[in-house]
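The values are calculated or read from the model by the stated rules, or taken from the named source; none is laboratory data. Nothing here was measured: the structure is a model prediction, and the numbers come from that model. Cβ coordinates were reconstructed from backbone atoms using ideal geometry, including for glycine residues, and neighbour counts include every protein chain displayed. Accessible surface is based on the protein model in full, side chains and every heavy atom, while ligands, DNA and RNA are left aside. Shrake-Rupley method; radii C 1.70, N 1.55, O 1.52, S 1.80 Å.
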Amino acid sequence: MVLQFMNRISTVHHWATIGIGFGLGFGTVTLWHLGKLIRDQLKPQRELHEVFMFNELRYQCLQEHRKHNQAGTKCVCTNEYCVDRLVDQIVQELGRAKYSIDLAMFTLNSVSLERALLAAHRRGVIVRIILNKYSSSYDLSAAISRMITLGVLVRTVTSRYIMHHKFCVIDGCVRVEQICQRRRRSFGPPQPTLINGSLNWTDSGCTSNWESMVISTQPQLVSTFEAEFNRLWNSLEAKKLPKLVQTSL
Ligand SMILES: [Zn+2]
């Protein structure tokens with residue numbers, strides 16, 4: 001009788017230990033996630049408002065780069081107009097995207113920027129691109145066809161007027177909210193960012209022309225461009241404007 005009683009106590013004790021252990025483990029994991037959520041929310045938002053110029057001084061550092069390339073050493077370039085640095089600036093911004101990249105671009109065929117867009121697409125960022133379908137020197141390039149094949153969303157404007165925008169909205173607030181609702185999960189706080197200017201994302205635009213570009217995280221600026229992108233994107237989808245049609249691709 002006493003032995004049975006002792007056995008029962010031992011069993012109860014055993015299960016109680018497991019229960020407490022499980023509870024502690026679960027509690028620790030929950031607290032860790034809660035802490036991460038709070039840390040993410042409290043993380044200071046990046047503030048950036050910078051103007052970049054593409055001009056004839058872009059190749060001042062060319063010799064320096066060649067020298068380092070031949071020696072196999074890293075070149076720390078100090079030329080603020082260096083074409084590599086300027087293109088890399090856009091690549092870095094695209095690399096920061098967590099949810100969405102909305103790009104309205106007259107022409108697009110830069111190899112580096114195409115790679116960055118595809119890399120974002122591959123890591124789950126939803127990339128939408130609006131292009132002007134026809135121009136005297138440009139049609140849907142092979143790069144764009146590849147992007148469409150790989151699942152990037154592309155719509156084109158076909159009109160006798162031109163879609164001359166050159167802007168990109170990264171993680172716009174409205175878009176992020178849509179994506180979070182659809183996926184029912186968040187990937188951390190977004191940093192809405194705008195890239196805008198005269199620069200077409202083409203190799204000649206980056207390497208030959210005189211162009212300007214602004215990168216800004218100013219919320220009102222970003223949201224104004226985002227609203228225009230969404231308006232145009234939706235008009236293409238719904239074919240509300242007679243002169244704008246959705247691509248058949
Ligand atoms: Zn350089």
(Q) Looking only at residues that are more than 17 Å from Asn209 (Cβ to Cβ) and among the aliphatic types (A, V, I, L, M) in region 63-86, which one is most open to solvent (accessible area, probe 1.4 Å)? (A) Val76
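Just one of Ala119, Ala97, Ala104 is at pLDDT 95 or above and closer than 28 Å to Glu64 by Cβ; which is it?
Step by step, each of Ala119, Ala97, Ala104 is checked, and only Ala119 is at pLDDT 95 or above and closer than 28 Å to Glu64 by Cβ.
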Q: Would you be able to say whether some residue in region 66-75 is under 24 Å from Ser216 (Cβ atoms), at pLDDT 90 or above and hydroxyl-bearing (Ser, Thr, Tyr)?
A: no
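Those residues that are open to solvent by less than 70 Å² (accessible area, probe 1.4 Å) and more than 15 Å from Met213 (Cα to Cα), I need them from region 51-62; list them, please. Quick ask: steps written out before the conclusion?
Of the residues in region 51-62, the ones open to solvent by less than 70 Å² (accessible area, probe 1.4 Å) are 52, 54-55, 57-58, 61-62.
Leu57, Cys61, Leu62 - these are the residues of region 51-62 that are open to solvent by less than 70 Å² (accessible area, probe 1.4 Å) and more than 15 Å from Met213 (Cα to Cα).
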Q | The one condition in (1) open to solvent by 10 Å² or more (accessible area, probe 1.4 Å); (2) closer than 30 Å to Cys61 by Cβ that Lys133 fails to fulfil | A | (2)
Q: Output the number of residues of region 176-227 satisfying the condition of being of a type in the set (Gly, Ala, Ser), farther than 24 Å from Glu80 by Cβ and open to solvent by 20 Å² or more (accessible area, probe 1.4 Å).
A: 3
**Q.** Flag if Ile101 is surrounded by 18 or more Cβ atoms within 10 Å (Cβ to Cβ), within 16 Å of the ligand (Cβ to nearest atom) and under 27 Å from Glu177 (Cβ atoms)
**A.** no
Q: Considering only region 63-79, state which residues are more than 11 Å from the ligand (Cβ to nearest atom) and either in contact with a helix residue (DSSP H, G or I) (Cβ under 9 Å, 6 or more places away or on another chain) or in a helix (DSSP H, G or I) (or both).
A: Lys67, Asn69, Gln70, Ala71, Thr73, Lys74
Q. Name the pairs whose Cβ atoms lie under 6 Å apart, with the first residue in region 46-65 and in contact (Cβ under 8 Å) with a residue 60 or more places away in the chain, the second near the ligand (Cβ under 8 Å from one of its atoms), and 6 or more positions between them or separate chains?
A. Arg58/Val83
Q. Do we find a residue being away from the ligand (no atom under 16 Å from the Cβ), modelled with pLDDT under 95, closer than 30 Å to Ser159 by Cα and of a type in the set (S, T, N, Q) anywhere in region 34-47?
A. no
